[in-house]
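Note sheet for the following structure.
The values are calculated or read from the model by the stated rules, or taken from the named source; none is laboratory data. These figures come from a predicted structure and were not determined experimentally. Here the Cβ positions follow ideal geometry from the backbone for every residue, glycine too, while neighbour counts run over all protein chains shown. With ligands, DNA and RNA removed, areas are computed over all heavy atoms of the protein, side chains included. Shrake-Rupley method; radii C 1.70, N 1.55, O 1.52, S 1.80 Å.
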Amino acid sequence: MSEQLLPGYIIRRGSLLERSLLLKFMQRTYQDLFPNEDFSHLEQTVKQYFSSDTPLWWVEEEGEQGSRGAGEQGSNKESLSSAPLPLCPSAPIACLWVGNAIDQVHGNRHAHIFILYVVPEHRRRGIGTALMRYVENWAIQRGDRQIGLQVFQSNKPALNLYNQLGYQTQSIWMVKFLSAEK
């Protein structure tokens, strides 16, 4: 079942059969920020966390969907290559994958955005904002009192979007790279 997200774009709930396409979108997300890295390890993340409890939504151009089923979508080799995702029937142009987290201060379950990705050709058209509003409404309907997400400090467009939508820094994730050398 799909509905209009914005004029010209529809949103539909993803299926567990679309695991491969989700993985490709995740890899594209990270490759945009870190183009020389290998992200094959993200397959384990999808295997571990993608389930009926972690909803996935796809955005497609209106009038472009409908000629392939979800199972066929996941096996489309052309759209799963490292080349840009083509604008063909049922080729999603954006995705949103949401999981669950626990607020470590108050102990409340809440939505956590695993990935929000819009292909470059469709950016700056309001799709990211519409997806964030969509997931906020979804989270409110299920009783969540907050939404969490992680964003790289170097991802200025995403930071700008989240700041404009009222998201605030709650914590800072810190890492120290360790060397095996002594």
Give Ser75, Ser79, Ser67 a once-over and let me know the one that is modelled with pLDDT under 95 and closer than 16 Å to Gln27 by Cα.
Ser79
Looking only at the stretch 96-142, which residues are aliphatic (A, V, I, L, M), open to solvent by 50 Å² or more (accessible area, probe 1.4 Å) and either in a loop (DSSP other than H, G, I, E, B) or touching a residue at least 60 places away in the same chain (Cβ under 8 Å) (or both)?
Val105
The correct count of residues that are in contact (Cβ under 8 Å) with a residue 12 or more places away in the chain and farther than 21 Å from His122 by Cα in the stretch 153-166 is 0
Pairs please, first residue from the stretch 1-16 and part of a helix (DSSP H, G or I), second anywhere and of a type in the set (S, T, N, Q) and open to solvent by 30 Å² or more (accessible area, probe 1.4 Å), Cβ atoms under 8 Å, 6+ apart in sequence or on different chains.
Leu16/Ser51; Leu16/Ser52
Keeping to the stretch 21-56, report how many residues are over 21 Å from Val119 (Cβ atoms) and assigned to a helix (DSSP H, G or I).
4
Of the conditions (1) open to solvent by 20 Å² or more (accessible area, probe 1.4 Å); (2) among the small types (Gly, Ala, Ser); (3) farther than 19 Å from Phe34 by Cβ, Ser154 clears all except one; give me its number.
(3)
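Matching residues to (1) of a type in the set (S, T, N, Q); (2) more than 14 Å from the chain's Cα centre (by Cα); (3) over 15 Å from Gly99 (Cβ atoms); (4) open to solvent by 60 Å² or more (accessible area, probe 1.4 Å):
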position	(1), (2), (3), (4)
Glu3	no, yes, yes, yes
Pro7	no, yes, yes, yes
Ile10	no, yes, yes, no
Leu21	no, no, yes, no
Glu37	no, yes, yes, yes
Glu43	no, yes, yes, yes
Val46	no, no, no, no
Tyr49	no, no, no, yes
Taking the condition at pLDDT 95 or above and either surrounded by fewer than 13 Cβ atoms within 10 Å (Cβ to Cβ) or part of a helix (DSSP H, G or I) (or both), does Arg145 pass?
no
Test for Ser171: is it among the polar types (S, T, N, Q), open to solvent by less than 90 Å² (accessible area, probe 1.4 Å), farther than 18 Å from Glu60 by Cβ and part of a loop (DSSP other than H, G, I, E, B):
no
